[in-house]
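S.K.: This structure is in structure tokens; I'll ask about it shortly.
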Amino acid sequence: MINSLRLNRKPRVLVLSASSGAGHVRAAQALEKAFRAHGGCTVEHVDTLEYVSKIFQRLYDKAYIGMVKRAPDLMGLLYELTD
């Protein structure tokens, strides 16, 4: 019975992003749009920073934007290491 319920249910896609910088949100929106265009699934896009304190949001945003502006090579290295 459980397997038959799973077969009849649409796949669900959860796209997570962080609203620091426009790139994360734009990439998430593009994924969301592509999944919706493909059809056959339910898609939800969530900004993870909505679930943390305002202080953390500000600190994260300042740290992220600061690193992108002042140390883009370091950001690139961190990106590659965490890929």
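The values are calculated or read from the model by the stated rules, or taken from the named source; none is laboratory data. Given the structure is predicted, the values throughout are model-derived calculations rather than measurements. Neighbour counts are summed over all protein chains in view; Cβ atoms, including those assigned to glycine, are modelled from backbone coordinates with ideal geometry. Heads up: the accessible areas ignore ligands, DNA and RNA and are worked out on the full protein's heavy atoms, side chains in. Shrake-Rupley method; radii C 1.70, N 1.55, O 1.52, S 1.80 Å.
S.K.: In the set [x] 44, 17, 11; [y] 33, 15, 12; [z] 24, 17, 11, which value of semi-axes √(5λ) of the Cα gyration tensor in Å was calculated from the structure you see?
M.R.: From the options [x] 44, 17, 11; [y] 33, 15, 12; [z] 24, 17, 11, the structure gives [y].
S.K.: In terms of modelled amide H atoms, which long-range or inter-chain residues lie less than 5 Å from the amide H of His45?
M.R.: Correct list: Val15.
S.K.: Here's another thing I want to ask about it. For Lys54 and Ala71 in one chain, what is 0.36 nm times their gap in residues minus the Cα-Cα distance, to one decimal in nm? Let's see the in-between values first.
M.R.: Details: separation 17, 0.36 × 17 = 6.12 nm, distance 2.48 nm.
Going from the current span to full extension adds 3.6 nm.
S.K.: Could you list the chymotrypsin sites (Phe, Trp or Tyr not before Pro) in the chain that lie in coil according to DSSP, counting only those with at most 11 other Cβ atoms within 10 Å of their Cβ? Please report the intermediate quantities before stating the final value.
M.R.: On the way: sites: Phe35, Tyr51, Phe56, Tyr60, Tyr64, Tyr79; in loops: none.
Hits after loop and neighbour filter: nothing returned.
S.K.: In addition: Relative contact order for the chain using alpha-carbon pairs under 8 Å, separation at least 6, rounded to a whole percent? All intermediate terms of the calculation are to be shown ahead of the outcome.
M.R.: Details: 64 pairs, mean separation 23.9, N = 83.
Across the chain, relative contact order equals 29 percent.
S.K.: To the nearest 10 degrees, how steep is helix 22-38 against the longest Cα principal axis of the chain, on a 0 to 90 scale?
M.R.: With rounding to tens, the tilt is 10 degrees.
S.K.: Taking θ = phi - 60°, what integer Hz values does the Karplus form 6.51 cos²θ - 1.76 cosθ + 1.60 yield along the range 49-58, in sequence order, with x for Gly and Pro?
M.R.: Working through the residues one at a time gives 6, 6, 10, 10, 5, 4, 5, 5, 4, 5 Hz.
S.K.: For labels at Asp47 and Glu32 in the simple 7 Å Cα→Cβ model, what's the distance in nm?
M.R.: 1.0 nm
S.K.: Quick check: the angle from helix 72-81's long axis to the longest principal axis of the chain, C-alpha only, nearest 10 degrees?
M.R.: Here the helix axis deviates by roughly 40 degrees.
S.K.: Calculate, for the chain, the solvent-accessible area per residue in square angstrom, rolling a 1.4 angstrom probe over the heavy atoms of the protein chains.
M.R.: Working: 6960 Å² over 83 residues.
Result: 84 Å² of accessible area for each residue.
S.K.: What is the extension gain from Tyr79 to Val15, computed as 0.36 nm multiplied by their sequence separation minus the C-alpha to C-alpha distance, in nm to one decimal? Walk me through the numbers on the way to the answer.
M.R.: On the way: separation 64, 0.36 × 64 = 23.04 nm, distance 1.86 nm.
Contour length minus the Cα-Cα distance gives 21.2 nm.
S.K.: Could you check the simple spin-label distance between Asp61 and Ala22, using points 7 Å along Cα→Cβ, in nm with one decimal?
M.R.: In this crude label model, Asp61 to Ala22 measures out at 1.6 nm.
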